[in-house]
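Participant: The following block contains the structure, expressed as structure tokens.
Bear in mind these aren't lab numbers, they're just calculated from the coordinates by the rules spelled out. These numbers were taken from a predicted model, which means no experiment stands behind them. Cβ placement follows ideal geometry from the backbone for every residue including glycine, while neighbour counts extend to all protein chains displayed.
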Amino acid sequence: MNLLHFLSQNHQQVLELTGEHLWLVGSSTLLAVLVGIPLGIVSAHWPVWNRPVLGTANVIQTIPSLALFGFLLPVPWIGERADRLAILALTLYALLPVIRNTYTGIRGVDPAVVEAGRGMGLTDGQLLFHVELPLALSVILSGVRVAVVVSVGLATIAAAIGAGGLGEFIFRGLAMVNNQLILAGAIPAAILALAADFSLGWLERRLRPR
Amino acid sequence: MDTNSDGRPVIEFRDVAYVLPNGQPLLAGLTVQVQPGETLVLLGRSGSGKTTTLKLINRLLTPASGEVLVNGAHTADSDVIQLRRGIGYVIQEVGLFPHYTVEKNVGLVPRIKGWPAARVHQRVEELLLMVGLDLRIAQRYPHQLSGGQRQRVGVARALAADPAILLMDEPFGALDAITRDELQCEFLRLQQRLNKTVVFVTHDLREALRLASRIALMESGRLVTVLSPAEFLRSKDPLPAAYMRAFGAGLDSVANRGDS
């Protein structure tokens, strides 16, 4: 009851921080998709790239998030603003599921279908856009879904470097030993994650090839 | 239809060899010609090099040595996309695009070639009727079709841009006996009407005898002999004889006498 009271009293700030949170997650996911899908395509088509690309993405994944924020701090332009830094860090974490699922999705296309397409005289580009990507789409989307859900959680840590988002409440609550404040950050974040999971999952099922 | 009546072969292999990237030879010393309008059946067991031979024609594979000519031009020098668009290709797994309706599958190459939508639509209907399909299936997806229907769609798709050459890799191999028989009849009927130059791969002697103008018998990556169905039946050579033993009696009645 107390929590609801707090939320209604501070709904302006809750909305503001939720908005910041969405900005961090949304822009980092978009960047990860723009970079990750091409990298996934490259590693699916040219096996030499598979190990370095997926290996690098894997290594990034193992860096603790706070440490990654710290490493990026001295980077020019990026380190100047906390939200830039947070977005870059979240992008780097989101890359692995996007790259891996793009790779898996494209490699999973029935070889007979690819061969038929190639035999019909489709160019590599036509094969990619007419056949491989549409057929891999639901797998790619499930990678994006994982990336978003993980990012929503990770983005709370961005508050530690002053990038805002729902983590603000959580860190403030931790400092003040106030569970209500912690929940005021954690519950909207959890709702965001569930909503993203549900809606992207629905889209993924819609796009799944028969 | 037949722009090549001077007897110049449509497809020609000159001492062609193919070697896998790991060095394993799959095909050696292949020299054979395919004449306009004929159906050359490549007959042989698994691993004899039939499919490899087929894929060398539309350059899904490139020869390690020797030359492959299509319509008198070296395939190695041709634009591979144009080469393939002039050659219909049908495979056993059919390879229909699962996310496209039958209509979009069959119309893909004409669409990519920039035909207007109305002409593509008309062509698709014409092709579906030609291969004996009901126009109502045009809006269905491949997974909603039977195996026989799928293969008919595969043939329609291969014929879409009206190629003069058709490559067929065990197209009826995965079908039940009755459907296979139907499609073989259909093939003979179509071939009589369209007069394409066909290279057809099979390991089924009955199918070979029934459909072939000539049978190219392959074994371990080599061409053993090229015989008409009638010559094949009379042959006393060990390999044809072995095939006839394996496939048993009654072969005489199926053979293509060139009069059908």
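Participant: Please work out the ratio of the alpha-carbon Rg of chain A to 2.2 N^0.38 Å and round it to two decimals.
Facilitator: 1.18
Participant: Shifting gears a bit: Say a paramagnetic label sat at a point 7 Å from the Cα of B:E125, along Cα to Cβ; which residues of the range B:134-166 have their backbone N under 17 Å from it?
Facilitator: Within reach of a label on B:E125, which here means backbone N under 17 Å from a point 7 Å along Cα→Cβ, the range B:134-166 contributes B:134-140.
Participant: Quick one: give the max-minus-min coordinate of the C-alpha atoms of the protein assembly as shown along each principal axis, largest first, in Å.
Facilitator: 99, 49, 42
Participant: Mind jotting down a quarter of the surface of the convex hull over the alpha carbons of chain B, in square nanometres, one decimal?
Facilitator: Its average projected convex-hull area is 14.3 nm².
Participant: Once the Cα atoms of helix A:47-62 and of chain A are each reduced to a long axis, what angle between those two axes, in degrees from 0 to 90 to the nearest 10, is obtained?
Facilitator: Its long axis makes an angle of about 10 degrees.
Participant: I need to check one value: relative contact order of the range B:5-98, counting alpha carbon pairs closer than 8 Å and at least 6 residues apart, in percent.
Facilitator: Computed over the range B:5-98, the figure is 30 percent.
Participant: Output the 0 to 90 degree angle, nearest 10, between the alpha-carbon long axis of helix A:11-45 and the longest principal axis computed from the alpha carbons of chain A.
Facilitator: 20
Participant: Another one. Rank B:A242, B:A73, B:A158 by mean-square fluctuation in a GNM of chain B with C-alpha springs under 10 angstrom and give only the top-ranked residue.
Facilitator: B:A242
Participant: Using alpha carbon centroids, what distance separates the range A:168-189 and the range A:1-60, in Å?
Facilitator: The range A:168-189 and the range A:1-60 have Cα centres separated by 21 Å.
Participant: Take every residue in peptide B:95-104, count the Cβ atoms of other chains within 10 Å of its Cβ, and give the average of those counts.
Facilitator: The per-residue average across the peptide is 5.
Participant: Exposed loop trypsin sites (Lys or Arg not before Pro) only (DSSP loop, at most 11 other Cβ atoms within 10 Å): please give the longest stretch of chain B free of them, not including the sites.
Facilitator: Maximal segment without exposed cleavage sites: B:1-235.
Participant: Net charge near B:A138, counting Lys/Arg +1 and Asp/Glu -1 over other residues with Cβ under 11 Å of its Cβ?
Facilitator: 0
Participant: Now for a separate question. Using only C-alpha atoms and all pairs of different ones, pull out the Kirkwood radius for the range A:112-210 in Å with one decimal.
Facilitator: 16.2
Participant: Still on this structure, I have one more. Among residues other than B:L128 whose Cβ falls under 14 Å from its Cβ, what is the net charge (Lys/Arg +1, Asp/Glu -1)?
Facilitator: +2
Participant: Now, a different point. Report, to the nearest 10°, how far helix B:102-112 tilts away from the longest principal axis of the Cα atoms in chain B, using its own Cα long axis and a range of 0 to 90°.
Facilitator: The helix B:102-112 is inclined about 90 degrees to chain B.
Participant: Between A:D124, A:D83, A:D197, where does the largest GNM mean-square fluctuation fall for chain A, given springs only between Cα atoms within less than 10 Å?
Facilitator: Residue with maximal mean-square fluctuation among A:D124, A:D83, A:D197: A:D124.
Participant: Among the lysines, select those whose C-alpha is under 26 Å from the C-alpha of B:K104, and discard any that sit fewer than 8 residues away in the same chain.
Facilitator: B:K55, B:K113, B:K196
Participant: Same structure, new question: What number comes out for the charge environment of B:S48, summing +1 per Lys or Arg and -1 per Asp or Glu over other residues with Cβ under 11 Å away?
Facilitator: Within the 11 Å Cβ shell, the charges total +2.
Participant: Let me ask something additional. Residue-wise, which Karplus ³J(HN,Hα) couplings in Hz belong to the range A:176-187, taking 6.51 cos²θ - 1.76 cosθ + 1.60, θ = phi - 60°, and x for glycine or proline?
Facilitator: Going residue by residue, I get 9, 6, 10, 4, 4, 5, 4, 5, 4, x, 6, 5 Hz, with x marking Gly and Pro.
Participant: Once the piece of chain linking B:I178 and B:D77 is laid out straight, how much longer is it, given 0.36 nm per residue of separation minus the C-alpha distance between them?
Facilitator: Taking B:I178 through B:D77 to full extension adds about 32.1 nm, to one decimal.
Participant: Anyone know which of B:P240, B:P98, B:P229 comes out most mobile in the 10 Å Cα GNM of chain B?
Facilitator: Between B:P240, B:P98, B:P229, it is B:P98 that shows the largest mean-square fluctuation.
Participant: Over chain B, what is the percentage of antiparallel beta bridges among all DSSP beta bridges, to the nearest 5?
Facilitator: Close to 50 percent.
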